[in-house]
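All remarks here apply to the structure that follows.
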Amino acid sequence: MIDFISKKGFTLIELLVTMAILGILAGLVLVAVNPFEQLARSRDTSRIYSISQLGRGLLNYRASHNGSIPSSPSITWMNDLISQGDVSGTPVNPDYVNGTSCNNVSTMGQGGFCYISDSSKSIIYAQLESYLHNKNCTVGSNTRAYWIFSTSNGGACEVCGEENIDPDVSQPVICND
């Protein structure tokens, strides 16, 4: 009589099939989460927060200086806000995967934020890089989302503009819905 010994465990085929299924599920989760988009969103969130803080500091500066604002182009315009105590320090614009926040280097100031002013109003802005923001800018093939703080509006919002043309202080700021 032959005695069969019962072995407990999985066969090699069962293990390979299970690993293949787990690999496919991991790939689907990775595509759904899209880590590059998540990183772009977090960098955009940092830019939005910093520009809003700088804008409030700029409004405080203007109120305490009889309506005057730091002139542009100036790569040290934040020094005026910091020295007067309107901003506690220089925020840093996170590095872009491609490009910079300003197309015209003369508008880029401290921390990599863009600043333009005329005698009575100014804007602080940076390009946004995540799909979440840029999907709203489908007017043309080369449109881009910017986060802009405008002293004439007294607030910050997302606007669409040409990818290779910086926003201008002389143009009205029309916020996306």
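No value in this document is a laboratory result; all are computed from the given coordinates. For clarity, every value in this text was computed on a predicted model and none was experimentally measured. Using ideal geometry, Cβ is built from the backbone for each residue, glycine included, and neighbour counts are taken over all protein chains shown.
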Check: What relative contact order, as a whole-number percentage, does the chain give when Cα pairs under 8 Å and 6 or more residues apart are counted?
Finding: 19
Margin query: Can you give the longest run of the chain that contains no chymotrypsin sites (Phe, Trp or Tyr not before Pro) sitting in a DSSP loop with at most 12 other Cβ atoms inside 10 Å?
Written below: 11-177
Next item on the list: Would you calculate a helix-derived [θ] at 222 nm for the chain, using -39,500 (n - 2.57) for each DSSP H run of n ≥ 4 and dividing by the full residue count, to the nearest 500?
Entry: -12000 deg cm²/dmol
Check: Once you mark the trypsin sites (Lys or Arg not before Pro) that are in a DSSP loop and have at most 14 other Cβ atoms within 10 Å, what is the longest gap between them in the chain?
Finding: 9-134
Check: What angle do you read, to the nearest 10 degrees and between 0 and 90, between the alpha-carbon axis of helix 35-64 and the longest principal axis of the chain?
Finding: 20
Check: Placing +1 at every Lys and Arg Cβ and -1 at every Asp and Glu Cβ, with all other atoms neutral, what dipole size does the chain have around its Cα centre, in debye to the nearest 20?
Finding: 340
Note to self: Of the candidates PRO70, PRO91, PRO35, which one comes out as most mobile in a Gaussian network treatment of the chain with C-alpha springs shorter than 10 Å?
What the structure shows: PRO35
Notebook entry, point to check: Among the Cys residues of the chain, which have no other cysteine Cβ under 4.7 angstrom away?
Noted result: none
Margin query: Using only Cα atoms and rounding to the nearest 10 degrees, what angle (0 to 90) does helix 12-33 make with the longest principal axis of the chain?
Written below: 10
Check: With a sphere of radius 13 Å drawn around the Cβ of SER150, what net charge do the other residues whose Cβ falls strictly inside it have (Lys, Arg +1; Asp, Glu -1)?
Finding: 0
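Quick one: HIS65, HIS133, fewest Cβ neighbours within 10 Å first, how do they rank?
So the residues, fewest neighbours to most, are HIS65, HIS133.
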Item checked: Beta bridges by DSSP in segment 35-162, antiparallel share as percent, to the nearest 5 -> 100
Check: Just MET78, MET108, MET19 to compare: in a GNM of the chain, with alpha carbon springs under 10 Å, which one fluctuates most?
Finding: MET19
